[in-house]
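Worksheet: the structure to be examined is printed underneath.
The values are calculated or read from the model by the stated rules, or taken from the named source; none is laboratory data. All values derive from a computational prediction rather than experimental measurement. Note: ideal-geometry Cβ built from the backbone for every residue, glycine included; neighbour counts use all protein chains shown.
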Amino acid sequence: MFDAVEGRILTFGGQELYDGSFGTRNAYIITIKEPHKKVKVDVAGLNGSKSENNPGGMFYQRVFHTSVVLPDGSVFIAGGEIWGQPFNEADRDIQLTPEIYYPDRDIFVPLQRNNVVRVYHSLSILLPDATVLNGGGGLCGNCTVNHYDAQIFRPPYLYNKNGTEAIQPKTPVSSKVTVGKTLRIFADADIKNSSLVRLGTVSHTVNTDQRRVPLKHTCEDEEDGYRYCTAQIYPDPGVVLPGHYMLFVMNSAGVPSKAATIKVELDFPLSYFTEEEEEVEDKKDCDMDGKQVQGMVDMIFAAARKFWNPQQPTLVTQGQ
């Protein structure tokens, strides 16, 4: 879901059967904004017009691929294969060229070719510095397709037009907000856009927590290199699910900052009652404060070396 406010979901690839069939390059935008109305489905990747020579969709057929919603609303797609078979790494089937979907232009753009196969059981997840961790694959005992390595993909928005690395805006300062209330942000003076991206969880190429919430913010005058900005959070907990998000701000060149982790809360404590109206569970009994969650997030992102060192991993940077 690259735009939760508008209810826009990008879906692409896959195969007719779970395994043993060809992957597809088909792609669609599913819009679910209006309650109690039919879901709207449109072909994605038309780049302005549909024709016999331009049916839309990705550049490449894919199944068992991974994807990541980026802070600016674009979607990164990596790995996969043409013939859908778990642990299949036949040269004729693997897809090594990633691509990015840009919803504002409705176009898929192929990127620099990768050098490591990423298919069944691989993962991609957005990191707080606006890069993407792409790694793993395999997990079939002692077979040859177990990948104990990972790569860092740096999206094009982290580069200037001349190929040099862009300077990222300062990390915004914020901590928590209530659904429907005002989010207060201290950010760089040159801020054009901002968004919340929910912390992701990946398994079997599925990341059910992927959700980007674009924000509309206003800023006051600059003070000590920062501006005081506010953004109204969409007043629907079905759109802005409670939980922890990464807050990104982007400058006029589209370069995102490193993220601040913020907590989105509901406006009232949640309680569940039996027929006798006895309280069964209170939100506070299972809640975590901001420091606990930040510590957990830091541990997860720092743990890769501890977990992977016994398997002699490789971590490289993949350019645009």
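Flag: Asp19 does not match the condition of being in contact with a Lys or Arg (Cβ under 8 Å, 6 or more places away or on another chain) and acidic (Asp, Glu). Only residues that are part of a loop (DSSP other than H, G, I, E, B) and within 21 Å of Pro155 (Cα to Cα): list them for region 65-85, please. Selection gives His65, Leu70, Pro71, Asp72, Gly73, Ser74, Gly79, Gly80.
So that you can scan it fast, the table gives a plain yes or no per residue for (1) part of a strand (DSSP E or B); (2) hydrophobic (A, V, I, L, M, F, W, C); (3) within 22 Å of Val202 (Cβ to Cβ); (4) touching a residue at least 12 places away in the same chain (Cβ under 8 Å):
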site	(1), (2), (3), (4)
Gly23	yes, no, yes, yes
Ile30	yes, yes, yes, yes
Pro35	no, no, no, no
Lys38	no, no, no, no
Ser49	no, no, no, no
Gly56	no, no, no, yes
Phe59	no, yes, no, yes
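Taking the options Val202, Val197, Val206, name whichever one is in the same structural domain as Ile262 (by TED's automatic domain parsing) and either among the acidic types (Asp, Glu) or under 23 Å from Thr230 (Cβ atoms) (or both). From the options Val202, Val197, Val206, the qualifying one is Val197. The residues on offer are Asn115, Asn88, and the sole one that is within 17 Å of Cys140 (Cβ to Cβ) and either in a loop (DSSP other than H, G, I, E, B) or not aliphatic (A, V, I, L, M) (or both) is Asn88.
Considering each residue of region 230-250, count those that are aromatic (Phe, Trp, Tyr) and in a loop (DSSP other than H, G, I, E, B), and give that number. Of the residues in that region, 1 qualify. Of a type in the set (Asp, Glu) and modelled with pLDDT of 95 or more - does that describe any residue in region 60-74? For region 60-74, residues of a type in the set (Asp, Glu) and modelled with pLDDT of 95 or more: present. Of all residues in region 91-112, those that are assigned to a loop (DSSP other than H, G, I, E, B), surrounded by 17 or more Cβ atoms within 10 Å (Cβ to Cβ) and of a type in the set (D, E, K, R) total 2.
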